[in-house]
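The values are calculated or read from the model by the stated rules, or taken from the named source; none is laboratory data. Remember, predicted model here, so these are calculated numbers, not experimental data. Cβ: placed from backbone, ideal geometry, glycine included. Neighbour counts: every protein chain shown.
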Amino acid sequence: MIFEQLSGNLLQGLVLGSVYGMATMGLSLIFGVLQVVNVGHGAFIMVGAFTSLMMFQAAGVPPVLAIPVAFAIGMALGMLFYFGALKPLVSPSGSGIKSLDMRAVGMGAGILVALLVVMRFLSAAFKLHFAITLFVAIIFLYGFLLYIYGGRRQDKAPELATLLVTFSIGVILEESVKQLFTSEARGFNWAIGKLDLGVTVLPYTKLIASFGSLTIAVLLYLWFRKTRAGMAMRSVVEDDVGARVCGVNVDWQYALSFSLGIGLTVTSGVLLTMFIPVGINPYMGGPYTLKSFVIAVLGGLASPYGAFFGGLVFGLVENGSYTLFAQFQGLEPFAMTRFFSFVMLLVILLLRPTGLLKVK
Amino acid sequence: MSLLRVENVTKRFGGLVAVDDMSFEIRHGELMAIVGPNGAGKTTMFNLINGVFPADEGRIIFEDVDVTRYPAYKRAHLGIGRTFQIPRPFASATVRENIAIGGMFGAAGSEISVDRAMELADHYIDIIGLKEHRDKPAGGLTPVEKKLVEIARALAMKPRLLLMDEAMAGMNPKDIDEMVAFIREIRDTEGIAIVSMVEHIMRAVAGLAERVIVMHQGALLVDEPTQEALSDPRVIEVYLGQPPEEAHA
Amino acid sequence: MMRPVRAYYPILPVLIGYGILFGIGQMVPGKWQLISQLAFFCALGQAFNLFMGMTGYVDFGYVAFLGVGTYGMAVSIYYLFDKGLGLTMIVIGMILAAVFSTLLSLAVGAVALRLRGAYFAIATIGVNEGFRFLIEGARIWNGSDGMIFSRHMKTAFGRETAMALSMKWADVIVFGVAFLAAVMTLLYMRNKVGYALTALREDEDAAKVMGINVTRYKLIAFITSAILAGLLGASAWALKLTYVYPTDVFAIHYTVEAIIIVLLGGAGTLLGPIVGGLIYGVSKYYLAIVLPGFQLMIFAPIIIMIIVLFPEGTVGILKKRVFGTPLEKFII
């Protein structure tokens with residue numbers, strides 16, 4: 001009985017694992033090229049899930065067709081956040097900021113206070129409108145200051161800076177989506193039949209998602225191996241100084257890999273909705289950030305293919321442990337599975353911080 | 001009795017043997033240089049002596065203590081100091097604090113209070129002649145000043161062995177002469193052994209070393225007084241007489 | 001080990017700052033809630049800064065320490081209320097809070113503090129979620145149903161005392177924790193711990209070579225910061241609210257707030273968390289009136305702005321300004 005249940009769940013885990021793997025490839029790609037851990041990873045998955053949900057609800061577009069749209073949105077967001085926030089911190093040509101003038105700080109604070117005062121006197125009916133105005137004003141002010149004080153700085157920003165920036169990007173996305181769609185959990189139903197395998201039943205949507213993940217992983221592999229652009233990016237992973245000497249525009253490669261990584265991540269959000277089309281809400285990304293970190297560390301953090309295989313392993317372990325926890329009275333297997341993935345992360349980091357799987 | 005004994009030490013990185021069965025000794029208060037072309041394994045040897053990573057085989061004995069498995073900070077407590085090729089002072093801390101940190105945590109660290117370490121720092125600031133920069137953050141100094149701060153920081157640790165990583169890389173001839181004189185002087189006043197890492201043997205002649213160890217492809221080539229090494233045919237071959245296809249190895 | 005008194009002058013502005021805040025709260029009617037909220041933000045920043053500001057490591061799961069601290073106090077009151085211990089129960093609660101947060105910080109620190117930068121962040125990001133799911137999954141302390149103990153407090157202390165405890169004394173303890181955190185920060189800064197932390201924040205490899213046992217000093221800062229967070233959870237959440245739910249006390253947005261406060265004020269400075277806490281607390285208060293629900297959306301871009309444009313924060317810039325003036329001795 002339990003073995004039948006277990007084998008069924010493991011099969012489910014393997015199928016889900018391929019999507020998990022794909023959802024982590026972007027994270028690994030970004031770390032491999034930029035040495036930046038995208039702490040806001042889960043929020044981008046959430047954006048993908050909302051893309052899928054909205055297209056299905058508004059126009060009845062099946063999630064498969066949302067994939068290219070999500071990829072384009074991801075690439076665009078990637079470019080926006082790279083040039084808007086990360087470039088001054090990580091760019092090898094060092095387009096950082098000189099020390100800040102007190103006048104600019106005063107001016108910025110003045111504009112903010114003025115905005116707040118203005119809003120205080122305008123009625124509550126315009127809340128959303130003015131919130132967006134304020135948000136845009138901050139972004140504008142930021143761009144303005146960046147423009148005035150954009151200089152060159154010698155040293156790279158500490159790692160802390162990129163961690164906090166990617167974390168904040170995640171918060172911005174979550175809060176923006178919350179303002180647009182509220183924080184209630186949503187779902188949709190795309191039913192196209194099921195495949196009965198005896199030990200378990202697999203809906204075709206899951207099979208399509210799994211197949212989609214595999215296809216994307218293969219395409220990424222071919223792109224890295226066979227195209228000029230892919231090889232240029234690989235050369236940056238190996239040695240960014242060497243790549244620069246050989247005429248690779250490392251700056252552009254950073255921007256490209258960040259947005260490619262974000263594109264892949266947002267796409268994976270679409271694929272995940274084919275598995276779990278419910279519970280889509282602005283804060284759904286958190287657990288996926290954790291899962292992706294476990295997977296990435298399993299696969300060696302900097303290797304997208306390692307991540308893909310890490311995803312398969314993680315899918316198996318997650319569903320296997322769920323089955324086991326469900327055998328115990330007094331445990332809530334769903335919550336315990338999540339606790340288990342956290343313990344797994346610590347154990348892997350303790351044993352082999354550079355990754356358990358050896359995949360080049 | 002020797003200060004440091006390296007016995008049959010080997011270190012591999014994957015398939016590459018970076019240090020191959022090295023054995024040598026360093027005596028108390030001596031001026032020595034580890035010489036070798038780029039890629040000879042000098043930096044790896046330095047890292048093995050001060051514990052940045054452990055050796056795969058062999059033993060390292062410092063003043064009768066087997067330190068082969070000791071982490072870097074414990075070796076520093078025993079009296080092994082180190083400077084880096086590109087100076088790495090703690091940028092946000094002042095010059096005085098930088099040097100005091102050496103005193104606080106170095107070989108005599110456990111007995112030295114913060115205030116005592118500050119006094120010690122003032123003493124070394126006088127020696128390196130950076131009095132006017134005492135309370136400035138070290139990050140804003142010139143490269144040569146940073147190098148001096150780093151040496152002072154290492155000296156404040158009260159080491160018995162000081163490893164100096166390419167002390168003169170990128171300096172002009174005048175600065176080199178001053179630095180050599182300075183290194184000889186601190187050897188005499190502090191009574192410590194100083195081992196410099198030098199890429200080209202001609203630099204060692206400038207008075208930096210009484211004895212040299214020449215490394216070639218991870219292994220020990222010669223271990224002899226500087227003057228003899230200069231005319232040693234094996235050394236000359238490494239630097240001048242290599243067939244071109246090996247020169248790039 | 002003690003340094004001359006002059007080295008500890010910077011505690012004066014801290015004392016004055018908290019004193020004025022406390023005074024306003026006591027004198028101005030109807031403002032105590034706002035003031036205690038501000039004190040909470042200052043304390044949160046002060047405790048968080050002790051680790052993040054001084055080591056340059058960011059712990060994304062920091063709220064877990066507040067969470068287990070809250071449970072420490074909750075467990076004490078929930079299970080001991082009928083034992084006739086009186087106010088000793090509060091002391092036991094504080095001790096339990098400190099013990100729980102110490103144990104958690106040891107468990108996390110033992111793994112995470114061996115790791116560098118990015119790997120540390122990865123190891124900590126799941127701590128709060130992981131702990132929440134442990135409590136829910138294994139149904140520890142009522143699991144996801146939480147613990148509600150206002151009734152227990154009234155039984156144990158009587159209605160009047162119970163009210164005073166949650167309405168007033170909980171906030172007074174928060175002030176105490178904030179001040180204690182500032183004292184610990186200054187003590188560390190002025191002694192070897194602080195110099196070791198500065199060194200490892202700037203260059204961990206060089207610090208090791210200088211004889212600094214980096215893991216040990218990181219752990220010292222980590223545990224101290226965790227205990228302070230635990231005490232804060234026990235007072236500002238458990239004692240004040242008289243209930244605890246796992247989803248509330250492990251919510252990541254408190255970590256976000258801690259980061260905002262520290263960066264606004266200036267990471268690694270003594271006065272920064274107070275300045276940051278006040279700026280954040282006041283703006284959050286007014287934003288909640290004019291734009292409820294928008295504070296994180298507005299503050300998240302501000303974090304990016306600070307990191308890119310002025311990473312030293314308010315007090316960091318002020319420190320540079322007063323360099324060479326008599327004020328220099330007081331502002332760090």
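Brief remarks on what is shown
- Unmet requirement for A:Asp251, which otherwise passes all of (1) surrounded by 23 or more Cβ atoms within 10 Å (Cβ to Cβ); (2) more than 20 Å from A:Val47 (Cα to Cα): (1)
- Taking residues in region B:109-129 that are over 17 Å from C:Ala196 (Cβ atoms), and partners anywhere that are in a loop (DSSP other than H, G, I, E, B), the pairs with Cβ atoms closer than 7 Å and at least 6 places apart or on different chains are B:Ile125/B:Arg134.
- Those helices (runs of 4 or more DSSP H) lying entirely in region C:185-285 with at least 3 residues buried (at least 24 other Cβ atoms within 10 Å of the Cβ) and not charged (D, E, K, R): C:192-202, C:214-232, C:253-265
- Scanning region A:255-283 for residues that are closer than 18 Å to A:Thr337 by Cβ and surrounded by 23 or more Cβ atoms within 10 Å (Cβ to Cβ) yields a single hit, A:Leu272.
- Candidate set: region C:203-212, residues that are free of Cβ contacts under 8 Å to residues at least 12 places away in the same chain and not aliphatic (A, V, I, L, M); chosen: the one farthest from the other protein chains (Cβ to nearest Cβ): C:Asp205
- Residue check for C:Leu66: within 26 Å of C:Val256 (Cβ to Cβ), assigned to a helix (DSSP H, G or I) and touching a Ser or Thr at 6+ places or on another chain (Cβ under 9 Å): yes
- Residue identified as assigned to a loop (DSSP other than H, G, I, E, B) and modelled with pLDDT under 95 among C:Gly61, C:Gly53: C:Gly61
Quick grid of which residues meet (1) in a helix (DSSP H, G or I); (2) in contact (Cβ under 8 Å) with a residue 60 or more places away in the chain; (3) under 15 Å from the mean Cα position of the chain (by Cα); (4) under 27 Å from A:Gln5 (Cα atoms):
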position	(1), (2), (3), (4)
A:Thr289	yes, yes, yes, no
A:Glu318	yes, yes, no, yes
A:Ser321	yes, no, no, yes
A:Phe328	no, no, no, yes
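- Residue among B:Ile86, B:Ile101, B:Ile125 that is more than 7 Å from every other protein chain (Cβ to nearest Cβ) and under 19 Å from the mean Cα position of the chain (by Cα): B:Ile86
- Every listed requirement among (1) under 24 Å from the mean Cα position of the chain (by Cα); (2) surrounded by fewer than 24 Cβ atoms within 10 Å (Cβ to Cβ); (3) at pLDDT below 90; (4) among the small types (Gly, Ala, Ser) is met by C:Ala112 save one, (2).
- Against the test of being more than 19 Å from A:Met336 (Cα to Cα), more than 8 Å from every other protein chain (Cβ to nearest Cβ) and of a type in the set (Phe, Trp, Tyr), the options C:Phe60, C:Phe120 yield a single qualifying residue, C:Phe120.
- Boolean, A:Thr205 is more than 12 Å from every other protein chain (Cβ to nearest Cβ), in contact with a helix residue (DSSP H, G or I) (Cβ under 6 Å, 6 or more places away or on another chain), more than 25 Å from A:Leu80 (Cα to Cα) and modelled with pLDDT of 85 or more: yes
- Only one entry of C:Leu66, C:Leu38, C:Leu21, C:Leu44 meets the criterion of being farther than 21 Å from C:Thr314 by Cβ, out of contact with any His (no Cβ under 9 Å at 6 or more places or on another chain) and not polar (S, T, N, Q), and that entry is C:Leu66.
- Residue within region B:13-26 that is in the same structural domain as B:Arg211 (by TED's automatic domain parsing), at positive phi and touching a helix residue (DSSP H, G or I) at 6+ places or on another chain (Cβ under 9 Å) present: no
- When C:Tyr57, C:Tyr79 are checked against the criterion of being surrounded by fewer than 21 Cβ atoms within 10 Å (Cβ to Cβ), out of contact with any Leu (no Cβ under 6 Å at 6 or more places or on another chain) and of a type in the set (Phe, Trp, Tyr), C:Tyr79 stands alone in meeting it.
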